[in-house]
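Structure record follows, encoded as structure tokens.
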Amino acid sequence: MEQKPLLPAPTVTPLIAEDLPSLAELLAANGLPTGDLTAAGRRFWRVADRDGLLGYGGLEAYGADGLLRSVVVPAERRGGGAGRAVAAAVSEEARRLGVARLWLLTIGAAGFFEGLGFRRTDRKSAPADIASSAQFAGLCPGSAVCLRRDLVPPATAMSGHPAGRE
Ligand SMILES: CC(C)(COP(=O)(O)OP(=O)(O)OC[C@H]1O[C@@H](n2cnc3c(N)ncnc32)[C@H](O)[C@@H]1OP(=O)(O)O)[C@@H](O)C(=O)NCCC(=O)NCCS
């Protein structure tokens, strides 16, 4: 039987200030907020494969709770797993940063995130830091769906390896 070739894992690169205009342009083209990209506490990543940009994603970490935000894939790369790769990459970065629960609000992509293991939840169940984030303050309950996913702890924590950075 023919086997699918193994593709190299996407590269995941933290954005620096000079990269933010490209992110802002893509977010704005998709109706996503751009006003607070440079505010403190935001992190963004560029995810790419050998053909170039797969997409961007961002995180606001508030201790063990994190807001997944700004997940966006260029139109020409959609429908082939790019969004899934971006969300997985940012979730992994969040986990490394000590986030145990990811939260998000979305207007048009609830089904996409549900396919990645997020579950719909009442936004009133979000902790205060998440509830008072700009995204939660700016998106009204009537239009946006709140989702949550609990992140699996690192495998090393259960496999007998010494604790610490992998
Ligand atoms: C949402 C988005 C990131 C999805 O990117 P993508 O590359 O098309 O997603 P993938 O190809 O990885 O899709 C993974 C799965 O989700 C499904 N899916 C994709 N977009 C979806 C959507 N808007 N609603 C429901 N399901 C969706 C796909 O059909 C696929 O399903 P499958 O596993 O059964 O085949 C992309 O459409 C986008 O950038 N949208 C604009 C920005 C946005 O809305 N971001 C989310 C808010 S932060």
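Descriptive notes on the structure:
- Whole-number D in µm² s⁻¹ for the chain, Kirkwood Cα-pair radius fed into Stokes-Einstein, 20 °C, 1.002 mPa s: 128
- Each Cα pair under 8 Å and six or more residues apart adds its sequence gap; the mean of these over the residue count of the chain is a relative contact order of 18 percent.
- Remark: the chain carries a charge dipole of roughly 400 debye about the Cα centre, counting +1 on each Lys and Arg Cβ and -1 on each Asp and Glu Cβ.
Computed from the coordinates by the stated procedures, all read-outs in this text should not be read as laboratory data. This structure is a prediction, so every number in the text was calculated from the model and none was measured. Here the Cβ is made from the backbone with ideal geometry for all residues, glycine too, and neighbour counts use every protein chain on show.
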